[in-house]
Amino acid sequence: GDSVTQMEGPVTLSEEAFLTINCTYTATGYPSLFWYVQYPGEGLQLLLKATKADDKGSNKGFEATYRKETTSFHLEKGSVQVSDSAVYFCALRALYSSASKIIFGSGTRLSIRP
Amino acid sequence: ETGVTQTPRHLVMGMTNKKSLKCEQHLGHNAMYWYKQSAKKPLELMFVYSLEERVENNSVPSRFSPECPNSSHLFLHLHTLQPEDSALYLCASSPGTGGDEPQHFGDGTRLSIL
């Protein structure tokens, strides 16, 4: 079945460091891919998405490129801030499936030191 | 402000109590969802409603009973819960259940079962 695997946390970085959170997926067909972020005490918020191969989603300095050949959607940011501390979820929705079939990864907790 | 409001934010209840969680969305969406978020586990989809009709129920125990009186409101009625039901319960909505529509989440209700 469809699945999402993301790197286990927690990830701890210093402010202004480069961030990569790995995400790989298994799916039939061509899924849409998402990154959600959950700040402390809040629900999930959509951070960015990509709907086809080679698309790059970007928002708030974060980027992720849909790589069909490696079935990956790694999240990157060039210079993290303390305010980026949160839990990040990679997710997919299989093409032609209902929106209810969004599959989430287990989340990666990111902590940024001042 | 995500447009999805959940109340209460925190709830502590005994195993014999009956309580309800409420979710309201102000986005004009037609689909609403309940998720359970437990520590160190992926998000678990519990129920999906589309145009007030339940379209998915992922083998959730009968002690959880959803209700969707209209497309803006979703309830989760709780009765005779177990300690393992302690978790963050997230409500989400989306314009429909098809397409590439991401889900908009509320901030969740933190439920603790004594």
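For residue B:12, the requirement of being β-branched (Val, Ile, Thr) and either surrounded by 14 or more Cβ atoms within 10 Å (Cβ to Cβ) or within 11 Å of chain A (Cβ to nearest Cβ) (or both) is not met.
Only one of the numbered conditions (1) basic (Lys, Arg); (2) farther than 30 Å from residue B:51 by Cα; (3) surrounded by 15 or more Cβ atoms within 10 Å (Cβ to Cβ) is violated by residue A:56, and that is (3).
Considering (1) free of Cβ contacts under 8 Å to residues at least 24 places away in the same chain; (2) assigned to a loop (DSSP other than H, G, I, E, B), the lone condition that residue B:96 does not fulfil carries the number (1).
Within the stretch A:4-31, the set of residues being touching a residue at least 60 places away in the same chain (Cβ under 8 Å) and hydroxyl-bearing (Ser, Thr, Tyr) comprises A:5, A:12, A:14, A:25, A:28, A:30. Of all residues in the stretch A:52-63, those being within 14 Å of another protein chain (Cβ to nearest Cβ) and within 11 Å of the chain's Cα centre (by Cα) number 1. Mind listing whichever residues of the stretch A:23-41 are surrounded by 15 or more Cβ atoms within 10 Å (Cβ to Cβ) and either more than 11 Å from residue A:92 (Cβ to Cβ) or touching a Cys at 6+ places or on another chain (Cβ under 7 Å) (or both)? Of everything in the stretch A:23-41, those that are surrounded by 15 or more Cβ atoms within 10 Å (Cβ to Cβ) and either more than 11 Å from residue A:92 (Cβ to Cβ) or touching a Cys at 6+ places or on another chain (Cβ under 7 Å) (or both) turn out to be A:23, A:35, A:36, A:37, A:38. Of the residues making up the stretch A:8-51, those that are under 10 Å from the mean Cα position of the chain (by Cα) and hydrophobic (A, V, I, L, M, F, W, C) are A:21, A:23, A:33, A:34, A:35, A:37, A:46, A:47, A:48.
No value in this document is a laboratory result; all are computed from the given coordinates. Just so it is clear, the model here is predicted, and its values are computed rather than measured. Using ideal geometry, Cβ is built from the backbone for each residue, glycine included, and neighbour counts are taken over all protein chains shown.
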